[in-house]
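Data block below; observations after.
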Amino acid sequence: MATARFVVLGDIEVTEDDQPLSIGHMRQRGVLAVLLADANRTVSVDQLADRIWGDRPPRRLQSTLYSYLSRLRRALTRLEKTGVRIDKEPGGYRLTVDPAAVDLHRFRDLVARARATEDREQAVDLLARALGQWQGEAFAGLDTPWFNALRDTLARERLAAELDHNDLALQQGRHGELLAELTARAEAHPLDERLAGQLMLALHGAGRAADALGHYQRVREQLADELGVDPGTPLRELHQRILTDDPELGLPRPPGGAASPTVPVPRQLPLSPGVFTGRGDELDQLTKALGETVVISAIGGSGGVGKTWLAVRWAHENTPRFPDGQLYVNLRGFDPTAEPMPVSTAVRGFLDALGVDADGIPPHLDGQTALYRSLVAERRMLVVLDNARDADQVRPLLPGSPACTVLITSRSRLTALVATHGARPLPLDVLDRAAAHQLLTSHLGMPRVAAEPEAVSALLDHCAGLPLALGIVAARAATHPDFPLATLAAELSEATERLDALYAGDLTANLRTVFAASHHALTPQAATLFVLLGLAPGPDISLAAAASLAAVPVPHARTLLAELEGAHLVRQDRPGRYHVHDLIRLYASEVAHQQLGEDVEPALDRFVDFHLHTAYAANRLLDGPHTPFMVQPEAPPPGCAPQTPADFAAALQWFDDEHACLLAVQSLALATGRLRQVWQLAWTLISYHQGGYHLTEYLAVWRTALTAAEQHGETPAPQALAHWRYGHARSLTGDHPEALDHLGRALVLAERAHDIAGQAHICRTLGRVWEQSGDDERALEHALRALALYERLDNPFWQANQHNAVGWMHAKIARYAEARTHCEQALRLYQEHASPADAASTLDSLGYIAHHCGQLPEALGYFEQALPLFRECSDSSNEADTLANLAETHHALGHATAAREAWQQALTLYESQNRRTQAERVRNRLR
């Protein structure tokens with residue numbers, strides 16, 4: 001049988017039985033590369049266009065792309081017998097291929113397997129094979145923002161794999177064979193302390209201790225000369241161990257202060273500003289302050305003065321100081337259309353970036369903050385807290401270790417942090433005349449600026465030294481390179497409006513003039529989209545949401561946003577996601593209400609319903625089609641075009657991308673009286689919030705939903721729904737009395753409305769809460785009542801769920817015969833209705849019952865059936881519990897090796913999930 005191979009880690013190539021196939025010119029190869037990067041997943045036409053052409057799509061985009069895909073299909077026809085094909089899907093195009101045939105996916109799979117195994121020799125071999133997949137620079141010859149970003153990501157993955165391979169090989173004593181490679185790499189990266197430590201260890205192991213000590217001295221001197229810092233603690237400790245000829249040096253800790261191979265190194269900084277002038281003194285002050293004992297600097301100043309600009313620039317210039325990574329969050333402290341970011345959301349984002357499994361995140365903020373500080377302790381990291389509201393928002397985000405450096409920007413002075421944490425304040429003022437002139441010159445070029453000194457002087461007067469205003473004016477001028485600057489200066493002089501609603505009156509009145517002039521220079525449709533963006537809350541907006549907001553097709557919205565981006569009125573931080581500076585948004589919002597009049601409400605309808613309907617479709621992929629107690633939303637209004645994610649992974653990614661926006665949209669819906677959408681939005685987030693352990697947000701959205709339901713007041717159903725889910729959220733955070741109170745109210749409302757399904761769901765939740773409270777008898781009472789109610793309804797899935805719940809409660813009070821009967825009934829129903837995840841839970845329950853009845857081989861069979869089902873649906877929490885149960889059964893049967901292996905796997909999962917109690921219990925069993 002023919003063998004197909006695809007190469008993207010080098011020049012883009014396709015071979016059949018090692019013979020190359022012709023796949024066309026570079027742009028056409030780029031289309032294939034995009035599909036290979038997302039092999040076996042649907043890639044939308046919009047994504048293909050963004051990735052292949054960036055912000056410069058061809059005029060006949062659809063036909064051009066179709067011709068490329070047609071040629072590729074013909075070129076790959078010979079490989080159809082190997083299962084390779086390109087299919088047109090409802091959401092775009094999909095390349096079906098064995099991942100093992102693509103070098104990129106082979107590389108990632110081999111690295112993942114290496115990091116998962118405990119066999120060091122196997123891990124070294126797997127990493128060596130992974131690195132052997134590389135034939136050159138990834139996606140060679142393809143130069144678009146998307147490919148460049150992916151290439152950088154893969155380069156970091158390759159370097160991490162090389163360093164992991166070195167660590168393991170050194171632990172095996174292979175010092176000599178690594179010397180040449182490590183020497184070359186250390187010369188190329190002289191400030192990388194992890195590499196330095198590996199080379200020192202290799203030199204020492206090869207009998208060249210003096211050379212190892214000499215290399216340490218060179219690295220120490222370079223760090224001092226170029227960065228003004230000393231080597232990190234791990235490298236200094238390695239130096240001392242070589243000096244003393246430590247006999248344990250053959251089993252080193254990973255040197256250099258870098259994160260361990262299993263801990264990701266976050267790189268969250270936004271792009272560095274392309275044009276940067278006039279802040280040399282401030283950069284020097286930051287470097288001096290952060291090179292001393294001060295580990296917190298607070299950059300203060302008015303909106304638009306360039307605080308973020310300065311912080312990000314300094315951070316990029318000093319990344320070698322922070323080998324363990326850089327964390328960044330925009331706290332939105334002064335967003336004019338939304339509340340500041342909750343501390344819990346910021347901490348959660350950091351925990352995600354640091355690689356914490358969702359199941360391992362504590363439910364309460366104090367626990368999350370403690371975990372965050374533990375993870376960054378003794379790691380040389382930079383934490384950038386941008387746009388902070390006040391000291392209270394910042395304090396929980398401060399690391400507890402002096403190894404970390406913190407940069408804060410805020411319009412507030414943050415004097416409390418100066419007093420209590422020794423923060424070094426750096427007030428930032430507008431640019432002086434010379435610096436402002438230099439910035440404008442950097443944008444426009446010296447010849448153009450020198451040709452019209454009077455016009456330039458007038459522009460500088462209007463911008464008043466504010467970098468934000470200068471950037472916008474420069475963008476206006478750059479879009480018309482043949483127009484005299486005097487024309488633009490005259491436009492600014494004619495504008496009479498003033499931006500009044502600024503925070504504390506801290507900006508000059510000329511800013512509104514600058515915004516107005518840029519707004520009026522837009523094409524009519526771009527101008528309309530611009531002011532509509534002022535109505536949209538949240539940290540950013542997706543391309544598709546902007547299209548629905550303006551009631552235009554997505555390709556047209558992309559064109560309009562490109563015009564706004566060119567005018568510096570929006571910024572595209574990530575492909576397809578657009579950010580509007582809060583001062584610009586404030587201006588746009590004011591103009592929208594002044595100029596659009598009655599058109600504002602339909603635009604908000606489209607915006608809210610876009611998010612509601614897309615979230616509804618995504619939630620059905622996460623939760624399956626059996627969503628109870630929730631009617632489908634009413635049809636979206638004309639011009640609103642919701643999305644339907646392609647699959648489970650795409651739905652989860654959409655929620656990840658839109659989570660902050662969805663919370664903001666829910667608040668907007670409440671504030672504007674769209675009460676029905678408030679609780680419907682809350683419903684669409686249940687699976688995402690519970691599955692990702694976003695318990696703080698889960699509680700918050702249902703508190704908002706309860707407010708909306710109480711304001712609605714027409715029917716009891718919304719109130720019953722809101723009390724039910726709010727009560728459930730309270731139970732997950734451990735507040736059982738409050739949970740029972742709200743669940744009791746929900747049950748009364750459902751009974752008053754004669755809502756059988758509602759009563760069943762609420763009784764089911766009451767049973768869980770009583771179980772959590774330790775009252776198993778009352779839990780069983782409510783579980784049985786729920787089952788009786790479900791049996792009055794024609795929904796076998798709900799009945800199966802409740803049979804399993806009743807069976808479990810019987811098992812907890814040692815009524816095993818009744819427990820088995822109910823669980824077997826649940827399993828039959830699940831198998832009939834193809835619900836493998838729920839069937840897995842029931843199999844686990846049956847295993848527990850069989851074990852406690854002394855039927856150990858039968859218990860073993862149930863657990864072994866449950867495990868692959870949990871793994872298929874990525875339910876690692878239940879997988880860990882079932883592994884622990886399986887180990888107990890193996891142990892009872894005298895299978896010592898199998899028991900130890902299962903306990904070890906369970907322990908690994910418990911530790912990754914930060915489930916300390918369960919992990920300690922398993923450690924005791926292993927002892």
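Values computed for the structure shown
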| item | result |
| --- | --- |
| The range 669-682: number of residues that are surrounded by fewer than 23 Cβ atoms within 10 Å (Cβ to Cβ) and either free of Cβ contacts under 8 Å to residues at least 60 places away in the same chain or in contact with a Phe, Trp or Tyr (Cβ under 9 Å, 6 or more places away or on another chain) (or both) | 5 |
| Residues of the range 116-135 satisfying the condition of being over 14 Å from N166 (Cβ atoms) and loosely packed, with under 15 Cβ neighbours inside 10 Å | A116, T117, E118, D119, E121, Q122, G132, Q135 |
| Residue within the range 920-927 that is in a helix (DSSP H, G or I), crowded, with 18+ Cβ neighbours inside 10 Å and not β-branched (V, I, T) present | no |
| Of all residues in the range 371-381 being in contact (Cβ under 8 Å) with a residue 40 or more places away in the chain and touching a Leu at 6+ places or on another chain (Cβ under 7 Å), the one that is surrounded by the most Cβ atoms within 10 Å (Cβ to Cβ) | M381 |
| Residue selected from the range 353-367 under the condition surrounded by 15 or more Cβ atoms within 10 Å (Cβ to Cβ) and part of a helix (DSSP H, G or I), by the criterion modelled with the highest pLDDT | A353 |
| Residue in the range 201-215 that is surrounded by fewer than 15 Cβ atoms within 10 Å (Cβ to Cβ) and either touching a strand residue (DSSP E or B) at 6+ places or on another chain (Cβ under 7 Å) or of a type in the set (D, E) (or both) present | no |
| Residue match in the range 891-901 (condition: touching an Asp or Glu at 6+ places or on another chain (Cβ under 8 Å) and part of a helix (DSSP H, G or I)) | yes |
| Residue that is more than 30 Å from the chain's Cα centre (by Cα), more than 28 Å from G132 (Cα to Cα) and without any contact (Cβ under 8 Å) to a residue 24 or more places away in the chain, where the choices are T77, T15 | T77 |
| Test for L417: is it under 20 Å from G280 (Cα atoms), buried (at least 23 other Cβ atoms within 10 Å of the Cβ) and not hydroxyl-bearing (S, T, Y) | no |
| Members of the range 216-228 found to be of a type in the set (A, V, I, L, M, F, W, C) and surrounded by 17 or more Cβ atoms within 10 Å (Cβ to Cβ), listed by number | V219, L223 |
| Within the range 427-477, considering residues that are among the small types (G, A, S) and closer than 30 Å to T415 by Cα, the one surrounded by the most Cβ atoms within 10 Å (Cβ to Cβ) | A469 |
| Residue match in the range 727-742 (condition: of a type in the set (K, R) and either in the same structural domain as E339 (by TED's automatic domain parsing) or more than 16 Å from A664 (Cα to Cα) (or both)) | yes |
| Extreme residue, modelled with the lowest pLDDT, among residues of the range 582-627 that are within 19 Å of L663 (Cα to Cα) and assigned by TED's automatic domain parsing to the domain that holds R558 | D582 |
| First in the range 696-718 and at negative phi, second anywhere and among the acidic types (D, E), Cβ under 8 Å, 6 or more apart | A717/D755 |
| Qualifying residue in the range 39-58 (condition: farther than 30 Å from E565 by Cβ, assigned to a loop (DSSP other than H, G, I, E, B) and out of contact with any Asp or Glu (no Cβ under 8 Å at 6 or more places or on another chain)) | yes |
| Checking T908 against (1) in contact with a Phe, Trp or Tyr (Cβ under 8 Å, 6 or more places away or on another chain); (2) of a type outside the set (K, R); (3) surrounded by 15 or more Cβ atoms within 10 Å (Cβ to Cβ); (4) more than 25 Å from E832 (Cβ to Cβ), the condition it does not meet | (1) |
| Spans of helices (runs of 4 or more DSSP H) in the range 638-745 with at least 2 residues modelled with pLDDT of 90 or more and over 30 Å from P553 (Cβ atoms) | 675-684, 695-712, 716-732 |
| Condition met for D55 (under 25 Å from the mean Cα position of the chain (by Cα), of a type in the set (D, E) and under 28 Å from A649 (Cα atoms)) | yes |
| Checklist (1) touching a strand residue (DSSP E or B) at 6+ places or on another chain (Cβ under 8 Å); (2) in a helix (DSSP H, G or I) applied to T559, failing item | (1) |
| Test: T42 is under 30 Å from the mean Cα position of the chain (by Cα) and surrounded by fewer than 17 Cβ atoms within 10 Å (Cβ to Cβ) | no |
| Residues of the range 644-658 that turn out to be of a type in the set (D, E, K, R) and crowded, with 16+ Cβ neighbours inside 10 Å, as a count | 1 |
| Residue match in the range 202-215 (condition: in contact (Cβ under 8 Å) with a residue 60 or more places away in the chain and among the small types (G, A, S)) | no |
| Pick from the range 287-312, criterion in a helix (DSSP H, G or I) and over 15 Å from V418 (Cα atoms), ranking: modelled with the lowest pLDDT | K288 |
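Quick grid of which residues meet (1) at pLDDT below 85; (2) at negative phi; (3) part of a helix (DSSP H, G or I):
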{"residue": "Y66", "(1), (2), (3)": "yes, yes, yes"}
{"residue": "K88", "(1), (2), (3)": "no, yes, no"}
{"residue": "H105", "(1), (2), (3)": "no, yes, yes"}
{"residue": "A114", "(1), (2), (3)": "no, yes, yes"}
{"residue": "R151", "(1), (2), (3)": "no, yes, yes"}
{"residue": "R158", "(1), (2), (3)": "no, yes, yes"}
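Residue-by-condition table, conditions (1) touching a Pro at 6+ places or on another chain (Cβ under 9 Å); (2) of a type in the set (G, A, S):
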{"position": "G91", "(1), (2)": "yes, yes"}
{"position": "A101", "(1), (2)": "no, yes"}
{"position": "R120", "(1), (2)": "no, no"}
{"position": "G136", "(1), (2)": "no, yes"}
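The values are calculated or read from the model by the stated rules, or taken from the named source; none is laboratory data. If you're wondering where the values come from, they're calculated on a predicted model, not measured in any experiment. Cβ atoms come from the backbone with ideal geometry, glycine included; neighbour counts cover every protein chain shown.
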